[in-house]
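To start, the structure under review is shown below, and the notes come after it.
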């Protein structure tokens, strides 16, 4: 049975396709993303050209409820996934029969959300007899830059989002060394919770923005030095992240200012822009410090090329311009070049999943016959964990002044 499946798979991967009425030898991948609150689909050829895409955002629904409710997200995915996939196919001019493979996020993420994408993909690949490529969400974020620039392995990658933060060395399409990871809250979760505690949805400029977007907007006109927030983990010499203590600091500051201004919780503070600026900069400083140590560890262990080493910044929080500026300064100060996808490719989307599928299809890695059972994994580490080695190195950071 397995030998038969392999022969079918090889035949499928060698097949030609007709696109826009012309015969094309380029293989085509449909990418599907439903790991959290975005329903995304995209069709891409093996050169990295996006032929058609569609994205349904759940942001407005979750703004009304004050945060992402997993079962609500699941229902919205179910209501929209078929339409989103059909739109991506129609916009690309590609029929299901012309696809070479279907790539879908199966880990990590919200279990109810992941289940929708996987269930749809199982039916789709079996109905159309197509190979299936399971995708690790963080791997997709890490590789997106290779669709935009000719970046060779290895490179250092900092992934920051609403659910994750990690530092890793990307040595290949499916080969990562994990240097550091979040120990509690993610940076995106922190920004959202601070925005909620500040009631920024009531601010006239922020009513339609996510928490992170609201913090970034208000921070532009704020004084980040007004509130002295401590950068987390200053005396822990590894590359892991912790935002729980910072959240406690900020909530304490908000309560203090509510008392000073004589207002109740839920009322907009007059100093809200300064709190936003201090929050944003402290998050950026924490990310920069851990990344700085990761760079020094990589140099000490020859994990990056000596010629033109690269730091990749990706994930939803990488859309924040101030964080990009701080990480650019950190990279340049240590002789690295920063690469970051545009904001629309930092947030979750079908394009990055399709590209990850293309990368795997090219190398023949992780491609499964249509009838193989695949399961979603809400929690899934990325690569080989060497965080203990990094901690044992106990690298102390020389002074670096962020001039931003």
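Just so you know, all these numbers are worked out from the coordinates, no wet-lab data involved. All of these numbers come straight from a predicted model, not from anything done at the bench. Please note: Cβ atoms are built from the backbone with ideal geometry, for glycine as well, and neighbour counts cover all protein chains shown.
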- Query: Where the centre of each part is set by its Cα atoms, how far does region 158-209 sit from region 314-344, in angstrom?
  - Reply: 14 Å
- 0 to 90° range, to nearest 10: angle between helix 70-92 axis and the chain longest Cα axis: 50 degrees
- For the chain, find the longest principal axis of its Cα atoms and tell me its angle to the long axis of helix 321-333, 0 to 90°, nearest 10. 90 degrees
- Query: Over the Cα atoms of region 82-152, how large are the radius of gyration and the largest Cα-Cα distance (Dmax), in Å?
  - Reply: 13.6, 37
- Per the rule of 0.36 nm per residue minus the C-alpha distance, extending residue 267 to residue 127 adds in nm 45.0 nm
- Spacing of the two label points (7 Å from each Cα toward its C-beta) at residue 377 and residue 362, in nm: 2.4 nm
- Item | DSSP beta bridges in the chain [antiparallel fraction, %, rounded to 5] | 60 percent
- Calculate, in nm to one decimal, what residue 217 and residue 321 gain on full extension: separation in residues at 0.36 nm each, minus their alpha carbon distance. 36.4 nm
- Item | Folded to 0 to 90 degrees: helix 111-128 orientation relative to the chain principal axis, Cα | 20 degrees
- Relative contact order (%) - the chain, alpha-carbon pairs under 8 angstrom, separation at least six: 23 percent
- Item | Between region 260-284 and region 100-146, the Cα center-to-center distance that results, in Å | 40 Å
- Query: With all pairs of different alpha carbon atoms counted, what Kirkwood hydrodynamic radius in Å does region 243-382 show?
  - Reply: 18.9 Å
- Measuring from label point to label point, each 7 Å out along Cα→Cβ, what is the residue 332 to residue 86 span in nm? 4.9 nm
- Which entry in (i) 22, 48, 20, 7, 2, 0; (ii) 27, 54, 18, 1; (iii) 26, 59, 15 matches P(r) over Cα pairs in 20 Å bins from 0, in percent derived from the coordinates of this structure? (ii)
- Which order results if 292, 237, 376 are arranged by neighbouring Cβ count within 10 Å, fewest first? 237, 292, 376
- the chain: calculated mean residue ellipticity at 222 nm from DSSP helix runs of at least 4, using -39500 (n - 2.57): -14000 deg cm²/dmol
